[in-house]
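The values are calculated or read from the model by the stated rules, or taken from the named source; none is laboratory data. What you are looking at is a predicted structure, and each value in this text was computed from that prediction instead of being measured. With ideal geometry, Cβ positions are generated from the backbone for all residues, glycine too; neighbour counts draw on all protein chains shown. Side chains included, ligands, DNA and RNA excluded: accessible areas come from the protein's heavy atoms. Shrake-Rupley method; radii C 1.70, N 1.55, O 1.52, S 1.80 Å.
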Amino acid sequence: MSENKASNRMWGGRFASGPDAVMEAINASIGFDKKLYAQDIRGSLAHAAMLAQTGIISAEDERKIAHGLNTILSEIEAGTFEFSAKLEDIHMNVEARLAELIGPAAGRLHTARSRNDQVALDFRLWVKEELQRVDAALGGLLEAFLVRAEEHAATVMPGFTHLQTAQPVTFGHHLMAYVEMFGRDRSRVRDAIDRLDECPLGAAALAGTGFPVDRHMTAKALGFREPTRNSIDTVSDRDFALEFLSVAAICATHLSRLAEEIVVWSTPQFGFVRLSDAFSTGSSIMPQKKNPDAAELIRAKTGRINGGLVGLLTVMKGLPLAYSKDMQEDKEAIFDAAETLDLMLAAMTGMVGDLEVNSRAMRKAAGSGFSTATDLADWLVREASLPFREAHHVTGRAVALAEERKCGLEKLPLDDLKAIHPAVTDGVYSVLSVMNSVKSRTSYGGTAPAEVRRQIRAWRKRLKADATAMKRR
């Protein structure tokens, strides 16, 4: 059978000739939706089994259909299947080949369904599987953070606001901030899975079907929690795709923020970390250079994912119910974002795992910029009963004096501090060192090493519980 004849047969008797070249080019999606072949065949196998179980088609036809579909799956995986743009999409390519393999029985497969609910099914299955991969990748990244945070629970570094030295913190505490961020990403992934876990099959074109289908059977067979509840919404909904892109964009933004810090930290001016050769490149002209290219590319690739989200939001914003061909533009952004995010997560997990930390440089920088000034103000409130605003003013005068003397607060003589305020005693020196400052921050979620270790233990328990929960899904 020629491709034109196959195409005409799919469309039916209304169309006497095939589409011209321009229409074929703009209409065809096989160039990218062939990625859905496994989901398409899996959905068709479940649909055929349900049709036979409910008596809509014969058991013999179902057996032929299943054999033909499994043959096609083997052909695609072996690379011998010939995809045709004239047949538009993955659904019609599979159905045409099925007709060649098993004859008239192939025509019964499309009973009680439409390409509208078929593509909604394929796409949901693919997105669900990708979200599960992202969930696993985030789990690996979180584990890498916990290992490094435990190593550096007491490694002092400067904490920043406005990229200016603010207060001393520990590197472990800083890493645990990313654990919280990527932990929220993981919870969003799981929320997205829960929301999309409804099976579209049976919605047909938009109104459902008059055949006695068993939608709960196909939903269970395909691993969904339940069938969708409104046939119009089913075929017009792409919230699951938008939510995937939204989750991906937020996660990519977090990756980009960390990548930016790695870029800054690895400069000679900071010297806090050193990337391994595996995640760095050199310069073609400057032999001394070691560039953090993996981190820079993570930072840049975030724009691709953000662009995909904005693009699909724009596609969907003006569509009336139910299905419109505009929705064919939903897949390429998802496929690209998924591939990009997978790569970003793998690269960041690798970088976090083999990052070389310069503890000495971090500690030296932690004491710069009068980072224990707040500790002095707090001490005045606790020990001298000063109102905080007065303590803030006194501390400001001490900072000005230290700046004038070009020394740290802990180097100011007691007499000079008493001259600023008579309530100061030699006990103040116990809070002016960087390490004592860090140890004092024992509030829940604070930077004290003991609190950092407590949060690490809590997160390990949480990850263990999360792993158990995912196995039950």
* To do: Work out how much length Ala423 to Glu77 would gain on full extension: take 0.36 nm times their residue separation and subtract the Cα-Cα distance, in nm to one decimal.
  => 116.6 nm
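Suppose every K and R has +1 on its Cβ and every D and E has -1 on its Cβ; what is the size of the dipole of the chain about the Cα centre, in Debye to the nearest 20?
Working: 59 positive and 61 negative charges, 227 e Å.
It works out to roughly 1100 debye.
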* **Candidate lysines - alpha carbon under 21 Å from Lys406, same-chain residues fewer than 8 apart omitted** => Lys364, Lys418
* Say each of Lys317 and Phe211 gets a label point 7 Å from the Cα, pointing the same way as Cα to Cβ; how far apart are those two points in nm? -> 4.0
* Asked: Once both labels are modelled 7 Å past Cα along the beta-carbon direction, what's the Arg472-Glu339 spacing in nm?
  -> 3.8
* Put +1 on the Cβ of each Lys and Arg and -1 on the Cβ of each Asp and Glu in the chain; which of Leu131, Gly353, Leu73 then has its Cα farthest toward the positive end of the dipole? -> Gly353
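How would you rank 385-391, 451-457, highest first, on the average number of other Cβ atoms within 10 Å across their residues? Write out the running numbers ahead of the final one.
Values: 385-391: 13.7, 451-457: 18.4.
Highest-to-lowest ranking by the protection proxy: 451-457, 385-391.
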* To do: Could you sort out which of Lys128/Lys220; Lys128/Lys464; Lys34/Lys220; Lys86/Lys128; Lys128/Lys301; Lys86/Lys317 sit more than 18 Å apart by Cα distance in this structure?
  => Lys128/Lys464; Lys34/Lys220; Lys86/Lys128; Lys128/Lys301; Lys86/Lys317
* Structure fact -> Of the accessible area of the chain, computed with a 1.4 Å probe and all protein chains kept, carbon and sulfur make up a percent value of 53
* When ligands, DNA and RNA are left out and all protein chains stay put, how many square angstrom of accessible area per residue does the chain have with a 1.4 Å probe? -> 48
* Asked: Mind listing the phi-derived Karplus ³J(HN,Hα) values for the range 409-418, rounded to whole Hz, using 6.51, -1.76 and 1.60 with θ = phi - 60°, and x for any glycine or proline?
  -> 4, 5, 8, 5, x, 4, 4, 5, 5, 5
* Check: the range 320-417 dipole with +1 on Lys, Arg Cβ and -1 on Asp, Glu Cβ, in debye -> 640
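Based on the mean of other Cβ atoms within 10 Å per residue, sort peptides 135-143, 354-362, 435-443, 243-251 so the most packed one is first. If you can, show how the numbers build up before the last one.
On the way: 135-143: 19.6, 354-362: 15.7, 435-443: 17.6, 243-251: 23.9.
The packing order, highest mean first, is 243-251, 135-143, 435-443, 354-362.
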* Report, in degrees rounded to the nearest 10, the 0 to 90 angle that the Cα long axis of helix 388-405 makes with the longest principal axis of the chain. => 70
* Structure fact -> With x for Gly and Pro, the residue-by-residue ³J(HN,Hα) of the range 322-339, computed from phi through the Karplus equation 6.51 cos²θ - 1.76 cosθ + 1.60 at θ = phi - 60° and given in whole Hz, is 10, 7, 10, 5, 3, 5, 5, 7, 7, 8, 4, 5, 5, 4, 5, 5, 5, 5
* Round to the nearest 10 and give me the degree value, 0 to 90, for the angle of helix 239-265's Cα axis relative to the longest principal axis of the chain. => 30
* Calculate how steeply helix 449-472 sits against the longest principal axis of the alpha-carbon atoms of the chain, using the helix alpha-carbon long axis, and give the answer as 0 to 90 degrees to the nearest 10. => 10
* Asked: Which lysines, on any chain, are close to Lys461 with Cα under 17 Å apart, when same-chain ones fewer than 8 places away are left out?
  -> Lys471
* Asked: Does the range 80-121 come out rounded, prolate or oblate by the C-alpha gyration tensor, with a ≥ b ≥ c the root eigenvalues, rounded set by a/c under 1.5 and, if not, prolate when a/b is larger than b/c and oblate if not?
  -> oblate
* Put +1 on the Cβ of each Lys and Arg and -1 on the Cβ of each Asp and Glu in the range 148-265; which of Ser236, Ala252, Phe160 then has its Cα farthest toward the positive end of the dipole? -> Ser236
